[in-house]
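Data block below; observations after.
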Amino acid sequence: MSLHGAYDPDNIFAKILRGDIPSVTVWQDDHVLAFMDVFPQSEGHVLVIDKASTARNLLEIEPEALSRLALAVQRTARAVEKALKPEGVSILQFNGEAGGQTVFHLHFHVVPRWSGRELKGHGHAPMADTAALKALAERIAAQLD
Ligand code: AMP
């Protein structure tokens, strides 16, 4: 998938938004959804997406939606920091297959980091246990401002 092309309404995040496949929600409002990455690169890896935009990547997103998304990423990162006390937080975002993107609905990764704990490979991490993800999501959600 290149940087250009049509939005696929059957991409996995579109299916999550429609409720066709399950996900573990951290928080949501009318515009954005924050949910647990099921193949987490570190403990507490959260994804943040816009609910309505069909932007596949950062180049395509409408300015208003991007502004909302940026605030949602910050709100999520702050809650992750309070809940899990990482030493750092990486905000990751990939565009186009050659850029490392695997799901073509724009999203930001919020990845807590600890020195001495190696990040699991992007797209190569093992699938997490749903109960463990739910417990993490509850801890993070409890710290939202
Ligand atoms: P990217 O490679 O930047 O497009 O990121 C896509 C992310 O979606 C990866 O970190 C995957 O682990 C994650 N992912 C794929 N399928 C699911 C799913 N069903 N639920 C939650 N996260 C997913």
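The numbers here are math on the coordinates, done by the rules we state, and not lab data. Quantities reported herein were computed from a predicted structural model and do not represent experimental measurements. Cβ atoms come from the backbone with ideal geometry, glycine included; neighbour counts cover every protein chain shown.
What the table shows:
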read-out: Subset of LYS82/LYS134; LYS15/LYS82; LYS85/LYS120 violating a 26 Å alpha-carbon distance limit; value: LYS15/LYS82
read-out: Filtered trypsin sites (Lys or Arg not before Pro), region 45-145: DSSP coil and at most 16 other beta carbons within 10 Å; value: LYS51, ARG117, LYS120
read-out: Folded to 0 to 90 degrees: helix 63-84 orientation relative to the chain principal axis, Cα; value: 20 degrees
read-out: Whole-Å distance, taken between Cα centres, linking region 83-137 and region 1-56; value: 13 Å
read-out: Over the chain, relative contact order from alpha-carbon pairs under 8 Å, at least 6 apart, %; value: 33 percent
read-out: Region 43-100 shape via C-alpha gyration tensor axes, a/c threshold 1.5; value: oblate
read-out: Neighbourhood charge, 13 Å Cβ-Cβ cut-off, centred on ALA132 and excluding it, Lys, Arg +1 and Asp, Glu -1; value: -2
read-out: Angle in degrees between helix 130-141 and the longest Cα principal axis of the chain, rounded to the nearest 10; value: 80 degrees
read-out: Loop GluC sites (Glu not before Pro), region 7-76, which have at most 10 other Cβ atoms in a 10 Å radius of their Cβ (DSSP); value: none
read-out: Amide H within-cut-off set for SER90, under 5 Å, with H built and near neighbours excluded; value: VAL111, ARG113
read-out: Estimated distance in nm for a label pair at SER2 and ALA98, the labels positioned 7 Å out from Cα along Cα-to-Cβ; value: 0.9 nm
read-out: Charge sum, other residues only, whose C-beta stays under 15 Å from GLY99's C-beta, Lys/Arg counted +1 and Asp/Glu -1; value: -1
